[in-house]
Amino acid sequence: MDQIRIGIVGLGHRARGEWIPQLCRLAGFRLTALCDRITALHEPALALIPYRQDVRAFRAYDDLLAWDGIDAVALCVRSLDQGAMAAQALEAGKHVHAEVPASHSLADCWRIVLASERSDRVYHLGEQVRYAGFVEAWHNLVAAGRVGRVVYVEGQYIGYYGTTQFSQDPSTGAFYSVEELAAHPEARPTVLQTMPPIHYLPHELSPLLKVIDDRVVQVVGMGTDAPSWNHPEINQPDLQVALMKTAKGSVMRLACGFTCPVPHGLHHWYHIHGTRGRLEMERSGLEKPKLWLADEQMHQPAAVDWRWQRTDAPREAAAAGHLGTDYYAHASFREALLSGKTPELDVYRAMETAAPAILAAESIERGSIPLAVPDFRPGPHRARGQAPVEAA
Ligand SMILES: NC(=O)c1ccc[n+]([C@@H]2O[C@H](COP(=O)([O-])OP(=O)(O)OC[C@H]3O[C@@H](n4cnc5c(N)ncnc54)[C@H](O)[C@@H]3O)[C@@H](O)[C@H]2O)c1
């Protein structure tokens, strides 16, 4: 194969703003199909493709999967079924390049793992923060032992994009803010009013677990209660927090919330505390990220110009979203299919960004009880029955 024939499923913000333009631009990809159950979105998506006459539009996902004109699907849906849809594609013999989160249930995590193991198809999660410049630098510092043994890890996505993403007209695809709802009785709550906010941890767990080269084994969660205190029209808690323990014994504190305003551009924050040093991203535009090493005669942390942008980014990355990091997710999937290389965010690492978040929400639901995270990787623990029981 020298070109991946790919169909994009879900033609909303992310597909039209990033995936369609990128996959049209990048060598090695050929968009052959689009799919969305909202047919009103087909034309705006087709209009972005220079060779639109060669692209087939589908309303039903099953019809796309049954078509022999694609090798792979790019899953850009926002749905509680996005994990099941990925597994379904693998089961239909298609490679999967999926948007985050990978899944919203443990059963779907297992279904994806088993489907990818039983087929020779690639499952790849397109999480991009793990490729950021600061993540690469932190990974190298931790791997070289410069901060000692990692004791504590923090990550949070406390973001705010107004209220439009919470209500949508299912026939036109138009989104409405809470102030517009009275004039638009046709608007319905989107999945963001059903999905626990803490499910949206891939942009924290993916880069942070890469930095510490670890996986989560135990989770406990807590949150405020729905509806939102800030926007009572939205049936969601304003904040959910999880404490996690890793296989190497580190403690993580992760948080998500999407209904309270924050200063612009300060949605994500990351921090690593080790036995011999600390790494910290900036908390505001008034400061820089910080590095402190106990063994280097540093009385105060040093400000370091770490950014999401990479100093070694190729030209192709310049036009990609999220400060160029989106490019690397597509490049990793392309390399996996065209060169047979295992993708950096393979099926096991992908599930490790989803399962702890799913269990954090379950912990909250069950009164903040601690829950064990299954190990998806092949091994004797799998033979003891964990996978089949979970997948049933
Ligand atoms: N990587 C990132 O930084 C990033 C940023 C934003 C969103 N996302 C992820 O991207 C995905 C899409 O987000 P969005 O903002 O574009 O959402 P959106 O709601 O604007 O678009 C999603 C589209 O999927 C379609 N869809 C849902 N289920 C479908 C089905 N079964 N068959 C066909 N179409 C279906 C919907 O009709 C909708 O048009 C989500 O998973 C989201 O979490 C990732």
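The values are calculated or read from the model by the stated rules, or taken from the named source; none is laboratory data. It should be emphasised that the depicted structure is a prediction, and the values quoted were computed from it without experimental measurement. Note that each Cβ is placed from the backbone with ideal geometry, even for glycine, and that neighbours are counted across all protein chains shown. Keep in mind that these areas ignore ligands, DNA and RNA; they rest on the heavy atoms of the full protein, side chains included. Shrake-Rupley method; radii C 1.70, N 1.55, O 1.52, S 1.80 Å.
Here are some notes:
- Identification of helices (runs of 4 or more DSSP H) wholly contained in region 291-392 with 3 or more residues that are out of contact with any strand residue (DSSP E or B) (no Cβ under 9 Å at 6 or more places or on another chain) and among the aromatic types (Phe, Trp, Tyr) yields no element.
- So Ala294, is it in contact (Cβ under 8 Å) with a residue 40 or more places away in the chain, surrounded by fewer than 17 Cβ atoms within 10 Å (Cβ to Cβ), small (Gly, Ala, Ser) and in contact with a Gly (Cβ under 9 Å, 6 or more places away or on another chain): yes
- Within region 40-69, the only residue that satisfies the criterion of being hydroxyl-bearing (Ser, Thr, Tyr) and near the ligand (Cβ under 10 Å from one of its atoms) is Tyr61.
- If the condition is being assigned to a helix (DSSP H, G or I) and either at pLDDT below 95 or within 22 Å of Ala357 (Cβ to Cβ) (or both), then region 143-173 contributes Gln165, Phe166.
- Check on Glu117, open to solvent by 40 Å² or more (accessible area, probe 1.4 Å), away from the ligand (no atom under 16 Å from the Cβ) and assigned by TED's automatic domain parsing to the domain that holds Lys341: yes
- Residue in region 17-24 that is more than 15 Å from the ligand (Cβ to nearest atom) and either at pLDDT below 95 or of a type outside the set (Ser, Thr, Tyr) (or both) present: yes
- Test result for Gly321, within 16 Å of the ligand (Cβ to nearest atom) and among the small types (Gly, Ala, Ser): yes
- Screening region 99-114 for residues that are in a helix (DSSP H, G or I) and charged (D, E, K, R) and picking the one that is least open to solvent (accessible area, probe 1.4 Å) gives Asp108.
- Per-region count, region 47-89, residues in contact with a Gly (Cβ under 7 Å, 6 or more places away or on another chain) and hydroxyl-bearing (Ser, Thr, Tyr): 0
- Taking every residue in region 71-85 that is open to solvent by 20 Å² or more (accessible area, probe 1.4 Å) and pairing it with any residue that is modelled with pLDDT under 95, at least 6 positions away or on another chain, the pairs with Cβ-Cβ distances below 8 Å are Asp71/Met1.
- Restricting region 341-370 to residues that are among the aliphatic types (A, V, I, L, M) and either modelled with pLDDT under 95 or open to solvent by 20 Å² or more (accessible area, probe 1.4 Å) (or both) leaves a set whose member that is nearest to the chain's Cα centre (by Cα) is Ile364.
- Qualifying residues in region 86-98 (those that are open to solvent by less than 30 Å² (accessible area, probe 1.4 Å) and part of a loop (DSSP other than H, G, I, E, B)) - the one farthest from the ligand (Cβ to nearest atom): Gly93
- Flag if Val129 is open to solvent by 20 Å² or more (accessible area, probe 1.4 Å), within 10 Å of the ligand (Cβ to nearest atom), touching a residue at least 60 places away in the same chain (Cβ under 8 Å) and within 30 Å of Arg382 (Cβ to Cβ): no
- Residue satisfying all of: in region 40-56; touching a strand residue (DSSP E or B) at 6+ places or on another chain (Cβ under 8 Å) and closer than 19 Å to Arg78 by Cβ; most open to solvent (accessible area, probe 1.4 Å) among these: His42
- Residue in region 120-139 that is among the hydroxyl-bearing types (Ser, Thr, Tyr), part of a helix (DSSP H, G or I) and out of contact with any Ser or Thr (no Cβ under 6 Å at 6 or more places or on another chain) present: no
- Which numbered condition Leu34 misses (of (1) open to solvent by less than 10 Å² (accessible area, probe 1.4 Å); (2) within 11 Å of the ligand (Cβ to nearest atom); (3) aliphatic (A, V, I, L, M); (4) in contact (Cβ under 8 Å) with a residue 60 or more places away in the chain): (4)
- Number of the condition not met by Arg276 [criteria: (1) over 17 Å from Val142 (Cα atoms); (2) open to solvent by 50 Å² or more (accessible area, probe 1.4 Å)]: (1)
- Filter pass, Gln300 being at pLDDT 95 or above, more than 16 Å from the ligand (Cβ to nearest atom), open to solvent by 60 Å² or more (accessible area, probe 1.4 Å) and not hydrophobic (A, V, I, L, M, F, W, C): yes
- Test: residue in region 206-227 that is closer than 26 Å to Tyr131 by Cβ, within 13 Å of the ligand (Cβ to nearest atom), of a type outside the set (D, E, K, R) and in contact with a His (Cβ under 7 Å, 6 or more places away or on another chain): no
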